[in-house]
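The values are calculated or read from the model by the stated rules, or taken from the named source; none is laboratory data. None of the values given here were measured: they were computed from a predicted structure. Cβ placement follows ideal geometry from the backbone for every residue including glycine, while neighbour counts extend to all protein chains displayed. These area figures cover heavy atoms from the full protein model, side chains too; ligands, DNA and RNA do not enter into them. Shrake-Rupley method; radii C 1.70, N 1.55, O 1.52, S 1.80 Å.
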Amino acid sequence: MRYVSTRGTAPELGFSDVLLAGLATDGGLYVPEFWPKLSAPTSLTTPARPAAPGRPSSYVDRAVEVMLPFVEPDLDEPTLRRLCDEAYTSFRHPAITPLVQLDHQLWVQELFHGPTLAFKDVALQLVGRMFDHVLATRNERVTIVGATSGDTGSAAIDGVAGCEHVDIVILYPYGRTSEVQRRQMTTVDQPNVHAVAVEGTFDDCQDLVKAMFNDAPFRDRNNLSAVNSINWARVMAQTVYYVVAAEALRGPLTFSVPTGNFGNVLAGWIAREMGAPINDFVIASNTNDILSRFVNDGDMTTRDVVPTLSPSMDIQVSSNFERLLFEMNGRDGGITAEQLGRFRAAGRLDIEGDQRAEYIEGTFRATSFDDAATLAEMRRTQAETGMVLDPHSATGVAAARRFAESDATVVSLATAHPAKFPDAVEAATGRRPELPDHLADLLQRPERTQTVVNDLGAVERLVEQLVGR
């Protein structure tokens, strides 16, 4: 498999180079040169292999089958299987991403059983191991820089903490994450881990990361790499749980997806392109509703970011939409780059009617919920089913209910453990959720963090100081 940039001028690369590069040198995002088709699950044609103690057999088996076409020949099947085995033994549920039924047609897929209690673990536990494997083979070291609205940072840090070949610097918006989210980043006592608070929004953090990659001397001097969903490997790993759910429930299904940066729902779209039995997607937003405005009204105009109870979705610039836009443009990188340049300058992205008809209508539906509606759904779900939802997952369930159809099976993605957002859960249900045992003392652990102004020069100086370059 070879990879091309969404902006058309960066060189084609193989998987390992795309993994380490993150962002393409022309500012674009890497995508495969074609979407491979899913093979039938091996479990349907051959006897199941006996699982080693603690090994999540069925999920790993399907993950290897889904991802192998994307990583060959750089990673062979035994290597990919070993990395998946190592990644998913860290999950607390043997199914990795279990399905829980709420009513006759609505299911919740729990994606929060990894070590940092968020769906980002599904990808980043694997991606961290891929980094260390490739870098060890090449005898190289990289500096990962990333931006987080709350969950990516802790998942990325956990995935690479202690790796011999990686330094990681995560930028997060000062005062705009939950305390649990922040402490999962700032209490990691490893010399290769650095959490930095930026005086700004997540969009500011994301802009700073992209600017560092576009500063060629800085990028080369520090051998930068990325683990945000701008890194193709992140999106690739997330396609697996869509495939697993759709096949388990004998789709076609509708997926309801809480999303701000478009990466999670894009992974589902890719799974459908590969042949997974999926009908369509419901995008669930909070008050920062740029994606729902775009789907419903064709209005992708940025507004000020509003802090909410679901901070991981407090985003106005959805980076991963660029990958879908590239497809909408017939994979013309020049047109895509021109559109995104206008979007950056004017804060508005315009799409042709025929593009909307082919790629948006019939594929995506969307809606949004303010904090009051989110709390109401958390309260309702707990009262009716006993399930406690975090505020992000609650928007997904609320959206699924809003678009409910009598004959449709819907899977709503639960993207975070409720204990990551205890204040919101307590406000909704009157009970404060407890952290799992491995994080029970999180609020007593000492923190290591620094605060920096929203300025590229200041951030670059701090990064070089932290990693000793």
Checklist outcome for this item: Counting only DSSP beta bridges fully inside the chain, the antiparallel percentage to nearest 5 is 25 percent
Item to check | Mean Cα-pair separation over length for the stretch 280-406, i.e. relative contact order, pairs under 8 Å, 6 or more apart, % | outcome: 36 percent
Checklist entry - For the chain, with the dipole built from +1 on Lys and Arg beta-carbon atoms and -1 on Asp and Glu ones, taken about the Cα centre, which of Pro73, Ser39, Val188 lies farthest toward the positive end? => result Val188
Checklist entry - Could you state the number of Å between the C-alpha centres of the stretch 301-370 and the stretch 207-226? => result 24 Å
Checklist entry - Which option, [x] 59, 57, 47; [y] 57, 54, 49; [z] 108, 62, 46, is the value of Cα extents along the principal axes in Å that was calculated from these coordinates? => result [y]
Item to check | Over the chain, relative contact order from alpha-carbon pairs under 8 Å, at least 6 apart, % | outcome: 19 percent
Checklist entry - So how far, in whole Å, is the C-alpha centre of the stretch 66-80 from the one of the stretch 156-186? => result 28 Å
Item to check | trypsin sites (Lys or Arg not before Pro) within the stretch 179-238, DSSP loop, no more than 12 other Cβ atoms inside 10 Å | outcome: none
Checklist outcome for this item: To the nearest Å², the heavy-atom accessible area per residue of the chain with 1.4 Å probe amounts to 37 Å²
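Hey, got the dipole for the chain? About the Cα centre, +1 on K and R Cβ, -1 on D and E Cβ, debye to the nearest 20?
Value, rounded to 20: 540 debye.
Calculate what fraction, in whole %, of the accessible area of the stretch 380-426 sits on carbon and sulfur atoms when a 1.4 Å probe is rolled over the protein chains.
Heavy-atom surface of the stretch 380-426 belonging to carbon and sulfur, 1.4 Å probe: 41 percent.
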Checklist entry - Given Cα pairs under 8 Å that are at least 6 residues apart, what percent is the relative contact order of the stretch 202-279? => result 30 percent
Checklist entry - So, with a 1.4 angstrom probe, what is the percent of accessible area on the stretch 224-364 that is carbon and sulfur? => result 45 percent
Next on the checklist: Considering all alpha-carbon pairs of the stretch 248-308, what whole percent are spaced by more than 17 angstrom?
Outcome noted: 45 percent
Checklist entry - What dipole magnitude, in Debye to the nearest 20, does the stretch 335-430 give about its Cα centre under +1 on Lys/Arg Cβ and -1 on Asp/Glu Cβ? => result 180 debye
Checklist entry - From the residues Val306, Ile278, Val295, which one has its Cα farthest along the dipole of the stretch 264-368 in the positive direction, the dipole being from +1 and -1 charges on Cβ of Lys/Arg and Asp/Glu about the Cα centre? => result Val306
